[in-house]
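Visitor: Input: one structure, supplied below.
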Amino acid sequence: MIAVFDAIRKPLRLLILPLVALALAACEPGISTNMNSNSGPNVDPSKPVPVALLVPRGGTAADNQLAQDLENAARLAIRDLSGVQIDLRVYGTGGNAAMAGTAAAQAVNDGAQIIVGPLYGEAANAAGNAVAAQGVNVLSFSNNPNIAGGNVFALGQSFGDTANRLVRYAKSTGKDKILILHGQDLAGQVGRDAIKRAIAENGATSAGTIDYALSQESVIAAVPRAKAAYDANGANAIFLTTSSASALPLFAQLLPEAGLPVATTQYIGLTRWDIPAQTLSLPGVQGGWFALPDPNASTSFSQRYSATYGTTPNPIAGLAFDGIAAVGALVKSGRPDALSAGRLTQGAGFRGASGVFRLKKDGTAEHGLAIATIRNKSVVIIDPAPKAFGGAGF
C-alpha cells in the first residue's frame with residue numbers, strides 16, 4: 001500500500017476538523033428567513049457614517065489576535081474608500097453570544113447605522129436579535145446559513161456556496177452523476193445536504209450517499225460500499241466532505257486501491273485540498289477538484305495587509321474588509337436607504353478581499369470562487385473565479 005502521512009495507519013484524529021465553516025457556525029435556528037428589503041436606518045452620505053465593528057476581543061488569546069486582524073482589515077478597507085467617510089467604532093464581544101448582544105445594542109445606542117461582525121454564529125444571532133427592532137442590519141462573519149435571514153447576513157463562504165460552484169462546474173463538464181461520501185458528524189451532514197441541494201439546483205444526478213463514523217475502522221469499511229454504489233448507480237464523480245486533517249488522506253489511498261483510480265474517477269472536495277501543503281503530495285488527490293477564493297485577489301489583499309501591518313492576516317480577516325467594502329460602495333451611491341436590505345442585496349455584488357461577492361435575499365453570501373485541481377503536486381486553476389456578477393448594481 002502507498003504510504004501517506006506518518007500517522008496514516010495510526011488511529012485517525014478524525015475529530016479535528018479545521019473547517020472555518022464549523023468553527024464559525026452555530027446550530028442555533030435562524031432569526032428569520034423573511035428579509036424586509038426596506039430595513040435599515042436612513043443615512044446622510046455627506047457625513048461620516050457610524051459603523052460598528054464587533055470583534056471577539058476579550059475572549060481567548062487566539063480570539064484577541066483574530067480581533068486585531070479583523071480590525072486591521074476593516075481599517076485597510078476604509079483607506080480604499082473614495083468620497084466616503086466611515087466612522088468606525090470597535091466593540092469587543094468576548095467571543096460569546098451574551099456579550100455580542102449587549103455590544104450590538106450599545107453600538108446602536110451610540111448611533112451605529114450598520115454592524116459588521118460578530119464572528120461566531122450564536123453571537124451573530126444574538127446581535128441580530130438585539131437590534132432587530134431598530135431595523136439595523138448585521139453583516140456577520142459567520143458562514144452558517146441557519147443564522148442568516150431577518151436583519152442578519154452571513155458573509156462567510158458556506159458549504160452551500162462551495163458545493164453549488166463545484167456541482168455547476170461538474171455538470172458543465174459531463175461529470176453529472178455524483179456519489180456523496182460524507183461523515184456522520186455535523187460537518188458531514190451539513191456538507192451532504194449542501195451537495196444534494198446543489199445537485200438538484202444544477203440539474204445533475206445523485207448517485208447515492210455513503211456515510212461513515214469518525215473512526216478509522218468505519219472509514220475503511222466505507223470504501224467497498226462506495227465502490228459498489230459507484231458501479232451500481234453509474235456514477236462518474238465522488239464528492240467528499242472530509243478535510244485533509246480528517247479522513248481525506250485515508251480515502252485518497254484506499255479508494256484508488258479499491259478500483260476507483262484517479263485516472264478515470266473524478267474526485268471532488270468540499271474543503272480546501274491545498275491546506276496543509278503536504279496534502280498536495282497524496283497520489284489519490286491528483287486530478288481532484290476543489291474550490292477556492294480568487295487567488296489573485298486573495299494574494300493582493302494578503303500582500304497589502306502584510307505591507308501595512310507587518311504580519312500575515314488570518315484568512316477570516318478578509319471578511320471584515322468585505323463588510324466595510326460593501327458599506328462604502330453602498331454609501332457612495334448617495335442614497336439615504338443605502339444600508340437597507342434591498343440595497344445590500346443588489347445583484348452586482350461587491351469587490352472584496354477575496355474577489356467578488358454578493359449578499360442574497362436569504363441572508364447568505366455568494367462568492368466568486370475558482371475551481372482548482374492538483375497536477376504534479378501543484379495547484380492549477382482550471383476555471384477562474386468570475387470578475388463580476390450579472391445583475392443591477394455597481
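Rule-based calculations on the coordinates, nothing more; no lab input. Owing to the predicted nature of the structure, the values given are computational and were not obtained by experimental measurement. Don't worry about glycine lacking a Cβ; one is built from the backbone with ideal geometry, like all the others, and counts go over all protein chains shown.
Visitor: Taking the Cα atoms only, what angle lies between the long axis of helix 318-332 and the longest principal axis of the chain, rounded to 10 degrees?
Guide: Roughly 40 degrees between the two axes.
Visitor: Relative to the longest principal Cα axis of the chain, at what angle does helix 248-257 sit, 0 to 90 degrees, rounded to 10?
Guide: So the inclination is approximately 30 degrees.
Visitor: Of all DSSP beta bridges located in the chain, what percent are antiparallel, nearest 5?
Guide: Counting only bridges with both partners in the chain, antiparallel ones make up about 35 percent.
Visitor: Could you work out the helix-only [θ] at 222 nm for the chain, with each DSSP H run of four or more residues adding -39,500 (n - 2.57) and the total divided by the number of residues, to the nearest 500 deg cm²/dmol?
Guide: On the way: 11 runs with 140 residues, N = 394.
Dividing the helical sum by the residues of the chain leaves -11000 deg cm²/dmol.
Visitor: So which residue, out of A124, A62, A370, gets the largest mean-square fluctuation from a GNM of the chain using Cα contacts under 10 Å as springs?
Guide: A62
Visitor: Oh, and also: Can you give the translational diffusion coefficient of the chain in µm²/s, computed by Stokes-Einstein from the Kirkwood radius over Cα pairs at 20 °C and 1.002 mPa s?
Guide: Values: Rh = 21.5 Å.
It diffuses with D of about 99 µm²/s by this estimate.
Visitor: Quick check: the angle from helix 186-201's long axis to the longest principal axis of the chain, C-alpha only, nearest 10 degrees?
Guide: With both axes taken from Cα atoms, the answer is about 90 degrees.
Visitor: Turning to a different aspect of this structure: Rank-order 220-228, 102-110, 372-380, 163-171 by packing density, defined as the average count of other C-beta atoms within 10 Å over each peptide's residues, highest first.
Guide: 163-171, 102-110, 220-228, 372-380
Visitor: Still on this structure: Among Y267, Y305, rank each residue by its count of other Cβ atoms within 10 Å, from fewest to most, as a rough exposure measure.
Guide: Y305, Y267
Visitor: Still on this structure, please answer the following. With no solvent and one point per C-alpha, what does the Debye sum give as log10 I(q)/I(0) for region 81-199 at q = 0.12, 0.13, 0.17, 0.18 Å⁻¹?
Guide: For region 81-199, the Cα-only Debye profile gives -0.56, -0.62, -0.83, -0.88.
Visitor: Considering every Cα-Cα pair within region 349-394, what fraction, in whole percent, is farther apart than 18 Å?
Guide: So the portion of pairs separated by more than 18 Å is 40 percent.
Visitor: Considering region 286-388, what Rg and Dmax in Å follow from its alpha-carbon atoms?
Guide: Taking only Cα atoms of region 286-388, I get Rg and Dmax of 15.6, 53 Å.
Visitor: What's the whole-number percent of alpha carbon pairs in region 160-230 lying beyond 14 angstrom?
Guide: Here the tail beyond 14 Å accounts for 58 percent of pairs.
Visitor: Rank these for me by crowding, S354, S140, S302, going from fewest to most other beta carbons within 10 Å.
Guide: Taking fewest neighbouring Cβ atoms as first place, the list is S302, S354, S140.
Visitor: When each pair of different Cα atoms in region 159-293 is counted once in the 1/r mean, what is the Kirkwood radius in angstroms, to one decimal?
Guide: One over the average 1/r among Cα pairs gives 14.4 Å for region 159-293.
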